[in-house]
Amino acid sequence: MQKLHLVMGGRVKDPRTLEYTDLSSLDIVGVFPDYASAEDAWRASAQRTVDDAEMKYVIVHLHRLLQPDLPTDTTAR
């Protein structure tokens, strides 16, 4: 089964939260077919902005939003 993941990031108000300051300027890195490729993209984007504490990138598990009734596999991300 395909498990889609979205990688996105942007400037946050507080580095301890996920409240983005300007949704129109979010960096949508892409949608990936598995967690491993999403993590590679996330790591590359986060590393590029490592010196800016107000930039935060995340991985969104789209498959969990699209099919919330599916059982969660605790061994896979």
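The values are calculated or read from the model by the stated rules, or taken from the named source; none is laboratory data. Predicted model, so just to flag it, every value in this text is computed and none were measured. We place every Cβ from the backbone using ideal geometry, glycine too, and count neighbours over all the protein chains shown. Each accessible area value is taken on the protein alone, full model and side chains, heavy atoms only, with ligands, DNA and RNA left out. Shrake-Rupley method; radii C 1.70, N 1.55, O 1.52, S 1.80 Å.
Carbon-plus-sulfur fraction of the accessible area of the chain, 1.4 Å probe, in percent?
Values: 2900 of 5400 Å².
That fraction is 54 percent.
Working from label points 7 Å from Cα in the Cα-to-Cβ sense, the residue 53 to residue 11 distance is 1.6 nm. Between amide H atoms placed 1.01 Å from N, distances below 5 Å from residue 29 occur with 7, 8, 9, all of them 5 or more places distant or on a separate chain.
Under a model in which nothing but the beta-carbon of Lys, Arg (+1) and Asp, Glu (-1) is charged, the chain shows a dipole of about 80 debye around its Cα centre.
Share of Cα-Cα pairs in the chain beyond 16 Å, in percent?
On the way: 1554 of 2926 pairs.
Result for the distance tail: 53 percent.
For segment 14-69, trypsin sites (Lys or Arg not before Pro) meeting the loop criterion (DSSP other than H, G, I, E, B) and having at most 15 other Cβ atoms within 10 Å: 16. Quote the FRET efficiency, to the nearest 0.05, computed for residue 21 versus residue 69 with a Förster distance R0 of 30 Å and r equal to the Cβ-Cβ distance. Efficiency for this residue pair is about 0.30.
Using C-alpha pairs below 8 Å separated by at least 6 residues, the relative contact order for the chain is 41 percent.
Accessible surface computed residue by residue for the chain, with neighbouring protein chains in place and a 1.4 Å probe, gives 70 Å² per residue.
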